[in-house]
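**Student:** Pasting in a structure now, in structure tokens, and then I'll have a few things to ask.
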Amino acid sequence: YRGEAQDIGTLTKAAEKIGYPLLIKAVAGGGGRGIRQVSGAAELESELLSAVREAESAFGDGRVMLEKLVQQPRHIEVQVFGDAYGNVVHLFERDCSLQRRRQKVLEEAPAPGMPEDVRAAMTDAAVKLAKAVGYQGAGTVEFIVDGSKPLALDTFWFLEMNTRLQVEHPVTEMVTGQDLVEWQLIVASGGTLPLAQDEIELNGHAIEARICAEDPAEGFRPGAGVILEFGLLDEPDGDIIRWDTGFETGDRVPSNYDSMIAKLIVYGDHRDEALERLTDTLAHTQLAGVPSNAGFLRRCAVSEEFQAGTHHVNWIGENMETLTTVPAEHLEASLNAVASLVLDEAPGLSPWSVKDGFRLNAPPRRTIVLAADGEAEMVEAGIPMPEGVPFPLVTDLSPRRFAVTCGGDTFLVTIPEYSADADAALGGNAVKAPMPGKVLTIAAKAGDAVMRGDTLAVLEAMKMEHSLAAPRDGVIEAVHASAGQQVAEGDLLVSLVEE
């Protein structure tokens, strides 16, 4: 139903005619807002009122339409382009079926399992629609597909047309070799389309992952804050791995905008190769300081359903517990990596100071107290990683703080002040600020003799007080900060010399 009459009585009669389950959609909608699923007549009025309120708030237009609900829908869209001279072409299709709360998270081109006759019918319908309205520029014609059965000529229906370039347009660029932004500029300046339909080729497979500063385990709650570390293990080359972002380490993620901060696009000669490249790259996509969905995306990508191409729009919602649970072995591997790094770098020329874990009549065992996201535990270094666990990527943020990424899951690992093994391992003559903050007190002055573990300064950061201890026995050489001073991460506060 897409009528002008919007009263409850008219909409109720329309719903009875369509049949349940059905979908309420805002006429001016987008981004998953103003959409409600209704399973029966008893829910209709309350869901209508809710959808209208949300639509009025988001779009200034409370009108809604009613549609029959496809229970296991796939979302397949066709990229079209038109110019001012009546020319319209398509650049094949994209599958955007993996969604959370009706917002796309992984998109790919071409659609898996797409028969040539269905592709021809779908793209032909999209081109005819664009020609019928004299469309100019980039557009996306979206179709709902019945995902409960193989793709066929009678399993797809027109959904809507987005009159712009989509977030996921890079996958189309990767498989066609065309720059769609350049196409837009050519058309906007009065030029003709760069290529005719028979000149546009489809090669290989591309997948895009939307990297967001959000916590999937908390209902995809967005997070704001300063990015402590952000990037990939290897530098993207652009041809097979593309990284689109406007953020870098040190930037602040604001709370005013969408949570997406980057797009990872990978290419392969076939879908299996693209999937392998995607999962490998996501495993070492590090985002520390704000929540990250990289691990969640990787769990989606390695799932049996996504690998087989049998996922649908509702699949994430049906598998939330599995997809949002961080594997225990990812945390274990991350802690072990930090323990090994810290203990292996322990200073000391004397054999008695080497942290090799020697025990009389027993195998060597090296342990250290570490805290991951605030939870402290004793960690044994050197334990082999379980088979299949990606190797951890460790970034040293400060002498006592590390960002560790394993399987796309990033942990902030710290060495508590009371960890004697850590103090000995770190050694050194400097006490530095482990994070940005305000110096509350300096508990020593030049010339004071101190023992390892003595509190030398107290730093206030993130509304918490952090005691900074002497890394070893010695004498205070100089104090480099004062109470009330704002300091940056890594700033020298106190320096020591041997007695």
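**Student:** What list do you get for Trp315, Trp157 if you sort them by fewest beta carbons within 10 Å? Write out the running numbers ahead of the final one.
**Tutor:** Details: Trp315 21, Trp157 13.
The order, fewest Cβ neighbours first, is Trp157, Trp315.
**Student:** For Lys104, go through the lysines and keep the ones whose alpha-carbon is under 22 Å away, minus same-chain ones fewer than eight residues off.
**Tutor:** Straight-distance partners of Lys104: Lys25, Lys68, Lys149, Lys263.
**Student:** Which aspartates and glutamates have a Cα less than 12 Å from the Cα of Lys432, not counting those fewer than 8 places away in the same chain?
**Tutor:** Within the straight-line cut-off, Lys432 pairs with Glu489, Asp491.
**Student:** Here's another thing I want to ask about it. Could you give the angle, 0 to 90 degrees to the nearest 10, between helix 116-132's Cα long axis and the longest principal axis of the Cα atoms of the chain?
**Tutor:** Tilt relative to the chain: about 70 degrees.
**Student:** Can you give the relative contact order of the stretch 428-499 as a percent, counting alpha carbon pairs under 8 Å and 6+ residues apart?
**Tutor:** Values: 192 pairs, mean separation 31.1, N = 72.
The value is 43 percent.
**Student:** On to the next question. Using 17 Å as the cut-off for backbone N distance, which residues of the stretch 94-111 belong to the label zone defined by a point 7 Å from the Cα of Val167 along Cα→Cβ?
**Tutor:** Answer for this model: 94-109.
**Student:** Kirkwood hydrodynamic radius of the stretch 8-68 from all distinct Cα pairs, in Å? Each step should come with its number before you reach the end.
**Tutor:** On the way: mean 1/r = 0.0894 Å⁻¹.
Across the stretch 8-68, the inverse of the average 1/r is 11.2 Å.
**Student:** Same structure, new question: With a cut-off of 8 Å between alpha carbons and a minimum separation of six or more residues, what is the relative contact order of the stretch 73-325 in percent?
**Tutor:** Working: 524 pairs, mean separation 54.0, N = 253.
Normalised by residue count, the contact order of the stretch 73-325 is 21 percent.
**Student:** Using 0.36 nm per residue, how much length does the chain from Ala121 to Glu304 gain when fully extended, once their Cα-Cα distance is taken away?
**Tutor:** Working: separation 183, 0.36 × 183 = 65.88 nm, distance 2.91 nm.
Fully extending the segment from Ala121 to Glu304 adds 63.0 nm.
**Student:** Can I ask one more? Measure nothing fancy, just the Cα-based angle from helix 271-283's long axis to the longest principal axis of the chain, in degrees from 0 to 90, nearest 10.
**Tutor:** That helix lies at roughly 30 degrees to the long axis.
**Student:** Could you work out the relative contact order of the chain? I mean the mean sequence separation of Cα pairs under 8 Å and 6+ apart, divided by the number of residues, in percent. It would help to have the intermediate numbers written out before the result.
**Tutor:** Details: 1088 pairs, mean separation 47.4, N = 499.
In percent, rounded to a whole number, it is 9.
**Student:** What is the gain in length, in nm to one decimal, between Thr245 and Glu67 on full extension, counting 0.36 nm per residue of separation less the C-alpha to C-alpha distance? It would help to have the intermediate numbers written out before the result.
**Tutor:** Working: separation 178, 0.36 × 178 = 64.08 nm, distance 3.63 nm.
Between Thr245 and Glu67, full extension yields 60.5 nm more.
**Student:** Another question, if that's okay. What list do you get for Thr414, Thr249 if you sort them by fewest beta carbons within 10 Å?
**Tutor:** Numbers: Thr414 23, Thr249 17.
Going from sparsest to densest Cβ surroundings: Thr249, Thr414.
**Student:** For the stretch 251-262, take each phi angle, set θ = phi - 60°, evaluate the Karplus expression 6.51 cos²θ - 1.76 cosθ + 1.60, and give the result in whole Hz per residue in order, putting x for glycine and proline.
**Tutor:** Per-residue couplings from phi come out as 6, 9, 8, x, 9, 7, 10, 4, 7, 6, 10, 6 Hz.
**Student:** Right, something else. Can you tell me the equivalent ellipsoid semi-axes for the stretch 19-103? Use √(5λ) from the Cα gyration tensor, largest first, whole Å. It would help to have the intermediate numbers written out before the result.
**Tutor:** Values: eigenvalues 169, 59, 26 Å².
Equivalent ellipsoid semi-axes, largest first: 29, 17, 11 Å.
**Student:** Quick one: what do you get for the stretch 106-192 if you divide its Cα Rg by 2.2 N^0.38 Å? Don't skip to the answer; put the middle values down first.
**Tutor:** Values: Rg = 14.1 Å, N = 87, 2.2 N^0.38 = 12.0 Å.
Relative to the 2.2 N^0.38 Å estimate, the stretch 106-192 comes out at 1.17.
**Student:** Also: If each residue's Cβ is checked for other Cβ atoms within 10 Å, how do Val326, Val404 rank with the fewest at the top?
**Tutor:** Final ranking by Cβ density, sparse to dense: Val326, Val404.
**Student:** Which whole-percent values make up P(r) of the chain when all C-alpha to C-alpha distances are grouped in 20 Å steps starting at zero?
**Tutor:** It works out to 20, 43, 26, 11, 1, in whole percents.
**Student:** Here is a further query. Would you compute, from DSSP H runs of 4+ residues alone, the mean residue ellipticity of the chain at 222 nm, taking -39500 (n - 2.57) per run and dividing by the full residue count, rounded to the nearest 500? Before the final figure, lay out the partial values.
**Tutor:** Working: 12 runs with 124 residues, N = 499.
The helix contribution divided over the chain gives -7500 deg cm²/dmol.
Bear in mind that the values in this text are calculations on the coordinates, not laboratory data. Everything numeric here is computed off the predicted structure, so don't read it as measured data. Every residue, glycine among them, receives a Cβ derived from its backbone with ideal geometry; neighbour counts consider all protein chains shown.
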